[in-house]
1. For region B:96-113, indicate whether the set of residues that are acidic (Asp, Glu), within 14 Å of chain A (Cβ to nearest Cβ), in a loop (DSSP other than H, G, I, E, B) and more than 16 Å from the chain's Cα centre (by Cα) is non-empty.
2. Could you pull out the residue among B:ILE254, B:ILE210, B:ILE280 that is in contact with a helix residue (DSSP H, G or I) (Cβ under 9 Å, 6 or more places away or on another chain) and modelled with pLDDT of 95 or more?
3. Check B:THR143, B:THR139 and return the single one that is polar (S, T, N, Q), surrounded by fewer than 18 Cβ atoms within 10 Å (Cβ to Cβ) and farther than 24 Å from B:PRO67 by Cα.
4. For the structure I just gave you, tell me whether B:PHE317 is modelled with pLDDT of 95 or more and outside any strand (DSSP E or B).
5. What are the residues in region B:141-165 that are of a type in the set (Asp, Glu) and assigned to a strand (DSSP E or B), if any?
6. Residues that are more than 24 Å from B:ASP211 (Cα to Cα) and touching a residue at least 24 places away in the same chain (Cβ under 8 Å): list the strands (runs of 3 or more DSSP E) wholly contained in region B:257-305 that include at least 3 such residues.
7. Report whether or not B:VAL225 is surrounded by 15 or more Cβ atoms within 10 Å (Cβ to Cβ), outside the structural domain of B:THR68 (by TED's automatic domain parsing) and closer than 30 Å to B:THR87 by Cβ.
8. Scan the strands (runs of 3 or more DSSP E) fully inside region A:65-112 and keep the ones with 1 or more residues being within 8 Å of chain B (Cβ to nearest Cβ) and under 14 Å from A:GLN29 (Cα atoms).
Amino acid sequence: MKRAVLVVALAAAAGGCGGSSADELQVTQASLRSGQITLVVHNASEETARLAQVIVNDSFVDFRASNRTVPPDDVEAVVLFYPWVAGENYEIELMTSSGSTVEYEVEDAEAA
Amino acid sequence: MKVLRSTFTRRRALAAAASALGAGAVTRLASAAPPHHHDHSLVPGSAHSGFASGDGTVDPKVNGFDPTQMLRDFDHGTIRKIAGGRTLREWELVASDKEIEIAPGVKYAAWTYNGRVPGPTLRANEGDLLRIRFINAGTHPHTIHFHGIHPAAMDGTPGIGEDIGGGLIDVGEEFTYEFDARPFGFHVYHCHASPLAEHIAKGLYGAFIIDPPDGRPPADELLMVQNAFDPNFDEDNEVYAVNTVAFHFMYEPIAVRLDEPVRIYLANMVELDPVNSFHIPGNFFHRFPTGTSLEPTEYTDTVIQGQGQRDVLELRFPYTGRYMFHAHKSEFASLGWMGFFEVSA
């Protein structure tokens with residue numbers, strides 16, 4: 001069985017035209033199950049962040065979050081509905097209302 | 001188009017992961033049940049159309065312009081007859097900075113002509129005299145560069161025509177471009193200030209139609225300007241569209257009539273990617289490159305366009321129902337450049 005390697009990748013995102021900057025968001029956990037990728041996002045900034053869209057491998061995807069607005073020092077779980085394939089790599093971008101992105105990379109995907 | 005910067009990313013990633021995982025934050029997990037139609041916390045694209053297609057569409061009131069209205073919004077200018085029986089058409093275009101919403105929830109600091117992206121669709125007849133008063137109310141020097149045949153001083157190119165007040169138009173300044181409408185065809189206009197890619201990518205462009213002397217056969221005419229945005233400034237586009245708002249026509253299909261002629265004015269104003277494409281599944285169309293001939297050169301279902309390239313496309317829909325249109329570069333389609341026609345009797 002291949003080993004799943006989950007790597008947090010923070011983008012060197014510049015500040016946007018308003019709202020929060022994505023470089024203060026951090027993905028702290030990730031888990032995969034069939035058809036879903038769940039990320040836990042921590043807002044390390046002093047400003048509220050709003051998650052607007054999610055991109056996986058250059059494609060906007062459906063996602064669910066209990067609350068897309070993440071207050072300072074709070075966390076939010078984001079469930080992406082995506083038909084990932086075991087053993088393949090995925091580049092995920094969490095896009096905030098300012099257009100800034102947090103990048104997160106899943107290598108050698110495996111249910112976990 | 002995304003370019004993976006794996007080395008840089010991975011180095012950043014490992015350090016960040018160690019820090020983040022040590023934070024010990026309390027996790028609030030969302031339900032991981034499959035999506036269904038009435039869950040408002042879920043992006044509803046798949047429930048709506050079978051595609052993940054953004055979170056609905058953007059309220060036109062937010063932007064002050066509507067991609068659907070832009071389809072058939074042709075600005076013929078203020079018209080009056082002048083000596084020799086010629087027609088003079090006049091417009092006023094104002095460059096300004098404006099925050100727009102390019103996908104649901106995603107704001108972008110655009111540069112606009114008349115507060116919209118793309119700018120007004122200017123339309124004239126071949127041989128008309130055109131006069132466009134340009135006012136720069138933005139925060140950077142701009143120009144308007146028209147495609148067409150005209151004197152050099154009217155070309156909107158920095159450093160040319162400055163002796164008569166043209167060239168680069170500084171903040172707070174204005175200039176009036178004046179030239180004859182020729183040749184007939186489908187053209188564009190855009191800012192020509194440096195850095196050029198930035199001035200175009202931020203939204204300073206629009207369509208410019210010159211009708212042939214005897215016009216074209218009647219049809220339901222639609223303007224489609226392919227565009228894209230780089231909201232995180234990484235020199236890669238993340239959001240693609242026709243008439244600016246990603247996935248807009250997935251949620252507001254373009255209404256057309258069964259067997260009625262449809263004419264599409266298709267332009268590609270995407271920066272940062274070398275080519276774009278347009279495909280209609282389940283149908284074929286006649287292609288008139290740049291619209292400068294009344295004879296089509298191709299009968300096809302897909303066209304490829306480089307930056308600034310234009311085509312006039314003519315077709316009829318012989319069946320009722322819903323038909324997609326989209327970039328045949330699948331990445332662009334999945335990042336917003338897709339929509340529907342709704343064909344009704």
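The values are calculated or read from the model by the stated rules, or taken from the named source; none is laboratory data. Quick caveat: nothing in here was measured; it's all calculated off a predicted structure. So basically every Cβ, Gly included, is an ideal-geometry build from the backbone, and we count neighbours across all protein chains shown.
1. So far as region B:96-113 goes, no, none of its residues is acidic (Asp, Glu), within 14 Å of chain A (Cβ to nearest Cβ), in a loop (DSSP other than H, G, I, E, B) and more than 16 Å from the chain's Cα centre (by Cα).
2. The conditions single out B:ILE254.
3. Exactly one residue qualifies, and that residue is B:THR139.
4. The answer is yes for B:PHE317.
5. Answer for region B:141-165, where residues must be of a type in the set (Asp, Glu) and assigned to a strand (DSSP E or B): there is none.
6. Correct list: B:275-279.
7. It is true that B:VAL225 is surrounded by 15 or more Cβ atoms within 10 Å (Cβ to Cβ), outside the structural domain of B:THR68 (by TED's automatic domain parsing) and closer than 30 Å to B:THR87 by Cβ.
8. Strands (runs of 3 or more DSSP E) meeting the threshold: A:75-81, A:101-107.
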